[in-house]
Amino acid sequence: MRTQVAIVGAGPAGLTLARLLEVAGIESVVLENRSREYVEHRIRAGVLEQGTVELLREAGVGARMDGEGIVHHGINLQFDGERHHVPLTDLSGGRSIVIYGQTEVVKDLVAARVESGLPLLFDVDGVTVETLDSERPRISFERDGTRHELECDVVAGCDGFHGVCRTSIPAGVLSTFERDYPFAWLGILAAVAPSIDELVYAHHERGFALLSLRSPDLSRYYVQCRPDEPLEDWPDERIWEELQLRTALDGWTLHEGPVLEKGITGMRSFVVEPMQHGRLFLAGDAAHIVPPTGAKGLNLAIADVHVLAEAIVDRYASGSTTGLDSYSDVCLRRVWRAEHFSWWMTTMLHRLDGEDPFDAKLQLSLLRYVTSSEAAARSLAENYVGLTTL
Ligand SMILES: Cc1cc2nc3c(=O)[nH]c(=O)nc-3n(C[C@H](O)[C@H](O)[C@H](O)COP(=O)(O)OP(=O)(O)OC[C@H]3O[C@@H](n4cnc5c(N)ncnc54)[C@H](O)[C@@H]3O)c2cc1C
């Protein structure tokens, strides 16, 4: 088999890249090691920056998002028993965010690809990426018991943090920058109308909590927990009890409902540099991870492939490799801004085990500053909705 661009991974990065290339008339083959059912039901992110929304719309996959997505113009920060509204749109020159689940973005992209009749191969095994330094990199994979070889001009490594593309790069090429956090998020998806109009980020002495949503009937709530805690230690009643305690506010009620899904996600910051080697270009979680507090993971993945798609289009249109050569440098500027913002939100809002009282005082001082100074709030707002100047 031969194609122009081989895309490993059918998450948001791989599927969006495939769509952008399709619109530009460039061939690609997408290889995914899970089933369609699995990738369409993996509960993850749900906050889309305006830039992400505009890109999906331009790529012709925004119709359902525009119909069902919920536009938010602010978020709330809660601490010391008070809830403070941060008016994102007012503070960011009119930009906003859209609440629309990653599962829905993935479903829309898969449906568009299937409708176009273009190659999207689920359930492939044993993907290996070879001859990256040559003009004709090759991908080998197994499907239905048969080994296949796919030759291409460019390989897009969109296979997430645990994928094979990053590890195919020879030792010594990549530099890694990382930080683990001594806490995790226990997230639930609950079949109950959200008790909030906009997201609530709560700092509390018992630990952080986040009230989010996925639709008018589905709430997505999180409590900070330890990364090594077994899920069995968190029966539904305990989760609701902690959510009630950490988000309590006079005159407001958190409504409970059946828990449809729950899971614990560790928190990590991780970046590799450069995001490319030879003809292989890493995008999304394959190259970087952020703690979810800033809602940046999915948006960064889509920002990467936007840059990559433009560079590939230019390579075929003009023969110039300038865009491909600078891919990593261009992406890393946004990546590091998002890394810093995500770390900043995380360290401002979470409680550390055995926390130094000095750190706790600094957190509260920062929260008071962000909710009382327009300059500080504006900085949060422009980062949250996604910077346009990078
Ligand atoms: C449990 C969890 C919860 C999260 N919650 C949030 C959140 O609340 N907010 C937020 O902003 N972000 C969140 N994130 C981050 C966000 O979901 C990711 O940043 C986003 O999915 C990145 O998209 P991606 O396409 O780069 O990678 P992925 O979505 O990971 O997609 C990679 C794809 O590659 C496939 N793949 C892997 N290995 C291979 C292989 N060897 N061969 C072929 N295919 C392969 C995978 O099956 C997957 O479909 C969460 C992430 C996780 C893991």
Self-check item: Listed residues Val313, Ile99, Thr16: farthest to the positive end of the dipole of the chain (Cβ charges)
Solution: Val313
Quiz prompt | Directionally averaged shadow of the chain, computed from the convex hull of its alpha-carbon atoms, nm² | solution = 19.7
Quiz item: How much FRET efficiency would the formula 1/(1 + (r/R0)^6) give for Leu260 and Glu229, where r is the Cβ-Cβ distance and R0 is 22 Å, rounded to 0.05?
Solution: 0.60
Self-check item: Mean separation of Cα contacts under 8 Å (6+ apart) over length of the chain, as relative contact order %
Solution: 20
Quiz item: Anyone know which of Val173, Val124, Val61 comes out most mobile in the 10 Å Cα GNM of the chain?
Solution: Val173
Quiz item: When the C-alpha atoms of the range 215-297 are aligned to their principal axes, what extent does each axis show, in angstrom, from largest down?
Solution: 57, 29, 23
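Over the range 113-262, what is the mean sequence separation of C-alpha contacts under 8 Å (at least six apart), divided by residue count, expressed as relative contact order in percent? Please report the intermediate quantities before stating the final value.
Details: 210 pairs, mean separation 27.1, N = 150.
Relative contact order here is 18 percent.
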Quiz prompt | Fraction in percent of alpha-carbon pairs per bin - 10 Å, the range 218-377 | solution = 9, 26, 28, 21, 12, 4, 0
Practice problem: Just name one of Leu218, Gln363, Phe281: the one whose Cα is farthest towards the positive end of the charge dipole of the chain (beta-carbon charges, Lys/Arg +1, Asp/Glu -1). | Solution: Phe281
Quiz item: By how many degrees, 0 to 90 and rounded to 10, does the Cα axis of helix 374-385 deviate from the longest principal axis of the chain?
Solution: 40
Quiz item: Computed on alpha carbon atoms, what radius of gyration and Dmax characterise the range 1-75, expressed in Å?
Solution: 14.2, 49
Exercise. Please list the radius of gyration and Dmax for the range 152-261, considering alpha-carbon atoms only, with Å as the unit.
Key: 18.9, 61
Quiz item: Along its principal axes, what span do the Cα atoms of the range 305-372 show, with the longest given first and each in whole Å?
Solution: 59, 28, 13
Exercise. Would you kindly state how much longer the chain becomes between Glu37 and Leu362 on full extension, computed as 0.36 nm times their sequence separation minus their alpha carbon distance, in nm to one decimal?
Key: 112.5 nm
Exercise. First obtain the Kirkwood hydrodynamic radius of the range 127-174 from its Cα pairs, then insert it into the Stokes-Einstein equation at 25 °C and 0.890 mPa s, and state the resulting D in µm² per second as a whole number.
Key: 211
Practice problem: Report the full-extension gain for the segment Ala193 to Arg179: residue separation times 0.36 nm, less the Cα-Cα distance, to one decimal in nm. | Solution: 1.5 nm
Quiz item: So what is log10(I(q)/I(0)) for the range 68-204 at q = 0.16, 0.18, 0.19 1/Å, when the Debye sum runs over its Cα atoms only?
Solution: -1.08, -1.16, -1.21
Exercise. Starting from the Cα of Glu82, step 7 Å toward the Cβ, then list every residue of the range 371-390 with an amide N under 13 Å from that point.
Key: 371-373
Quiz item: Can you give the % of DSSP beta bridges in the chain that are antiparallel, to the nearest 5?
Solution: 75
Practice problem: Describe numerically, in nm with one decimal, the distance between label points set 7 Å from Cα along Cα→Cβ at Ser116 and at Glu355. | Solution: 4.7
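Each value in this text was obtained by applying a stated rule to the coordinates, not by laboratory testing. Here the structure is a predicted model, which is why all the values come from computation and not from measurement. Glycine gets a Cβ as well: all are built from the backbone with ideal geometry, and neighbour counts include every protein chain shown.
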